[in-house]
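This report concerns only the one structure given below.
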Amino acid sequence: MDVFERVNHLIAEIEAATATNPEEVERFRIRYVGSKNVLKPLMGEMRNIEANRRRDFGQLVNRAKEVAQQKLDDLQSATAVQSADDDGTTIDLTAPGEPQPLGSRHPISLTMRRIVSIFERIGFAVAEGPEVEDDWHNFSAMNTPEDHPARDMQDTFYVAAGMPAGPDNTAMLLRTHTSSVQARTMENQKPPIRIIAPGRVYRNETISARSHAQFHQLEGLYIAEKVSFADMKATLLHFAREMYGEDTKIRLRPSYFPFTEPSAEMDIWWGLETEHDHRITKGTGWLEIMGCGMVDPQVLTNCGIDPEKYSGYAFGMGIERQAMLLYNITDIRLMFENDVRFLRQFASVL
Ligand code: DAH
């Protein structure tokens with residue numbers, strides 16, 4: 001093929017070139033327009049051409065250069081139009097997306113949400129109270145006056161002397177249980193009252209794998225006319241079955257709390273299949289889940305509700321214990337350390 005033919009060949013090649021993205025345009029530019037383009041060496045062929053054809057050859061090579069430059073302009077504007085945004089920036093639609101890391105809910109929140117939703121579905125509304133509480137709502141209103149021996153059941157963090165005192169100069173403390181929300185609700189609402197109060201509580205306890213100085217509880221309170229112990233049992237059985245499966249068995253053991261009479265502790269049947277079951281149920285197969293009972297008439301009176309007209313039941317349960325059962329967590333301290341290796345494991349749980 002003579003040199004004229006080679007140039008004509010290149011021109012045809014240039015005219016037929018296409019590009020769909022900036023990388024292809026750049027490849028075209030390097031080959032036909034860049035500093036080492038394929039047209040350059042052709043000029044060196046000039047001296048091998050008969051003198052009377054040199055002029056034609058020069059013109060042909062120049063035409064090839066022009067065609068290449070024109071084609072480059074066309075390709076550049078064509079691909080730019082495809083990917084240019086309104087503000088002139090270009091977006092590479094073929095680039096992989098940037099993953100948005102998803103957080104995870106804390107196992108305590110997961111457990112709390114589950115319990116709250118079980119009670120919400122049967123008409124309980126969520127109530128709240130402060131974590132820094134006064135002595136009255138945490139203890140005295142709940143039938144636990146200053147010299148009552150039951151105060152020893154819960155080692156209390158008192159807010160330092162010199163800090164503002166509560167109403168009527170009562171001591172301020174970190175609430176030791178969510179039962180304080182019972183008192184606050186009864187002061188402010190008329191029966192029928194049907195509330196649950198989830199939240200954080202504090203006790204001056206030695207921190208170990210099984211107990212912590214901060215933890216969470218969920219309180220329940222139902223006050224209306226003619227509420228019976230049987231109503232309470234039916235409600236708590238419903239809760240146990242929603243939470244732990246429809247075959248779950250419960251038992252109520254007599255117990256003592258200052259604010260309920262009679263009082264009970266509720267156990268669920270856990271079973272004794274594995275060694276672990278034996279250990280966590282202390283060989284009985286039963287696991288204690290909550291305290292409960294009929295609201296003591298003195299508590300109703302303390303909070304301005306007529307015990308002749310109204311009766312009610314109350315219950316209180318720990319959250320951590322149940323979260324540990326649900327998710328097989330063996331050390332309560334993991335819940336408060338915020339180690340992402342622990343937390344990440346709950347990423348797929350709703
Ligand atoms: N407040 C009790 C505790 O922290 C739990 C409790 C027991 C709450 C019986 C209640 C109840 O409402 O009726 O140990």
Worksheet item: Can you tell me which residue in segment 272-317 is farthest from the ligand (Cβ to nearest atom), limited to those that are surrounded by 13 or more Cβ atoms within 10 Å (Cβ to Cβ) and among the small types (Gly, Ala, Ser)?
Response: 285
Worksheet, complete the sentence: Filtering segment 192-212 down to residues that are at pLDDT 95 or above and not charged (D, E, K, R) yields 192, 193, 195, 196, 197, 198, 199, 201, 202
Fill in: Filter result (outside any loop (DSSP other than H, G, I, E, B), over 24 Å from the mean Cα position of the chain (by Cα) and within 14 Å of residue 318 (Cα to Cα)) within segment 199-239
220
Worksheet item: Take the residues of segment 318-334 that are within 16 Å of the ligand (Cβ to nearest atom) and not β-branched (Val, Ile, Thr): which is surrounded by the most Cβ atoms within 10 Å (Cβ to Cβ)?
Response: 322
Practice prompt. Would you mind stating whether residue 185 is part of a loop (DSSP other than H, G, I, E, B) and within 13 Å of the ligand (Cβ to nearest atom)?
Written response: no
Discussion item. Residue under question is residue 224, and the condition is that it be free of Cβ contacts under 8 Å to residues at least 12 places away in the same chain, of a type in the set (A, V, I, L, M, F, W, C) and either within 16 Å of the ligand (Cβ to nearest atom) or surrounded by fewer than 18 Cβ atoms within 10 Å (Cβ to Cβ) (or both); does it hold?
Written reply: no
Worksheet item: Residue check: is residue 243 touching a Leu at 6+ places or on another chain (Cβ under 9 Å) and either within 16 Å of the ligand (Cβ to nearest atom) or not assigned by TED's automatic domain parsing to the domain that holds residue 177 (or both)?
Response: no
Worksheet, complete the sentence: residue 27 fails exactly one of (1) basic (Lys, Arg); (2) assigned to a helix (DSSP H, G or I); (3) loosely packed, with under 12 Cβ neighbours inside 10 Å, namely (3)
Practice prompt. Return yes when residue 229 is touching a Ser or Thr at 6+ places or on another chain (Cβ under 6 Å) and within 16 Å of the ligand (Cβ to nearest atom) and no when it is not.
Written response: no
Discussion item. Kindly evaluate residue 200 against the criterion of being touching a residue at least 24 places away in the same chain (Cβ under 8 Å), assigned by TED's automatic domain parsing to the domain that holds residue 319, exposed (fewer than 15 other Cβ atoms within 10 Å of the Cβ) and more than 14 Å from the ligand (Cβ to nearest atom).
Written reply: no
Discussion item. I'd like the residue in segment 240-256 that is within 35 Å of the chain's Cα centre (by Cα) and in a strand (DSSP E or B) and, out of all such residues, is nearest to residue 142 (Cα to Cα).
Written reply: 252
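The values are calculated or read from the model by the stated rules, or taken from the named source; none is laboratory data. All values derive from a computational prediction rather than experimental measurement. Please note: Cβ atoms are built from the backbone with ideal geometry, for glycine as well, and neighbour counts cover all protein chains shown.
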